[in-house]
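K.L.:
Just dropping this structure here.
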């Protein structure tokens, strides 16, 4: 039963990216630039998820792609935040962080860590950095004097997705090696089940964001 739940959640997690992809593409021209950046990322992420699903079914090792995807994911999400209403020096810092993270992450993957294993260190750092960006934009959002209906505000839902997935997985990824080497199989499957729940929930929030995005006044 536990194994069946693991398989169901894993497949649902991979397929859940299609939920936000539909409104992301359908309303693409109606989205503001930040949401267009996020829409492109959703499409790229869909390709990687499809690749991981196919290679897993064929029994082909696919963790090398995850190392590359980590760099792509951070680059898109960080660039998304840089296109929001932030100070110019903050925008420059975010763009600089993309360059530094990309170089250091790839160096760590190819020369320090094992490229054929899960990149828990770079995934943890990525989640932490994106979580900090989310906190910064949340502060900027709530210090705004004008009233904003959060339920109808797409960036609120994007932030919710960021906090759920990247915030929720900081400790999850950091504890990966400990769980893998010391915990029982039961705990290992629970670990990935939790990750799947975070991912599915985040994609639902992205879906809501893309539904509200074209309804925003220009």
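K.L.:
State which residue is nearest to residue 71 (Cα to Cα) when the search covers only the stretch 29-48 and only residues that are surrounded by fewer than 16 Cβ atoms within 10 Å (Cβ to Cβ) and free of Cβ contacts under 8 Å to residues at least 12 places away in the same chain.
P.N.:
The residue in question is 47.
K.L.:
Need a quick list: helices (runs of 4 or more DSSP H) entirely within the stretch 75-178 having at least 3 residues that are in contact (Cβ under 8 Å) with a residue 24 or more places away in the chain and within 24 Å of residue 204 (Cα to Cα).
P.N.:
The helices (runs of 4 or more DSSP H) meeting that bar are 120-142, 154-162, 168-174.
K.L.:
Give me a count of the residues in the stretch 138-155 that are surrounded by fewer than 20 Cβ atoms within 10 Å (Cβ to Cβ) and either modelled with pLDDT of 85 or more or within 17 Å of residue 213 (Cα to Cα) (or both).
P.N.:
Selection size over the stretch 138-155: 9.
K.L.:
Based on this model, can you work out whether residue 4 counts as in a helix (DSSP H, G or I), modelled with pLDDT under 95 and more than 25 Å from residue 122 (Cα to Cα)? Before the answer, list the steps.
P.N.:
Working: in a helix (DSSP H, G or I): yes; modelled with pLDDT under 95: yes; more than 25 Å from residue 122 (Cα to Cα): yes.
The answer is yes for residue 4.
K.L.:
From 68, 60, 112, 92, grab the single residue that is surrounded by 14 or more Cβ atoms within 10 Å (Cβ to Cβ) and touching a helix residue (DSSP H, G or I) at 6+ places or on another chain (Cβ under 9 Å).
P.N.:
Answer to the check: 68.
K.L.:
Exactly one condition in (1) modelled with pLDDT under 95; (2) within 25 Å of residue 161 (Cα to Cα) is false for residue 60; which is it?
P.N.:
Of (1) modelled with pLDDT under 95; (2) within 25 Å of residue 161 (Cα to Cα), only one is false for residue 60: (2).
The values are calculated or read from the model by the stated rules, or taken from the named source; none is laboratory data. Quick caveat: nothing in here was measured; it's all calculated off a predicted structure. Backbone-built Cβ (ideal geometry, glycine too); neighbour counts: all protein chains shown.
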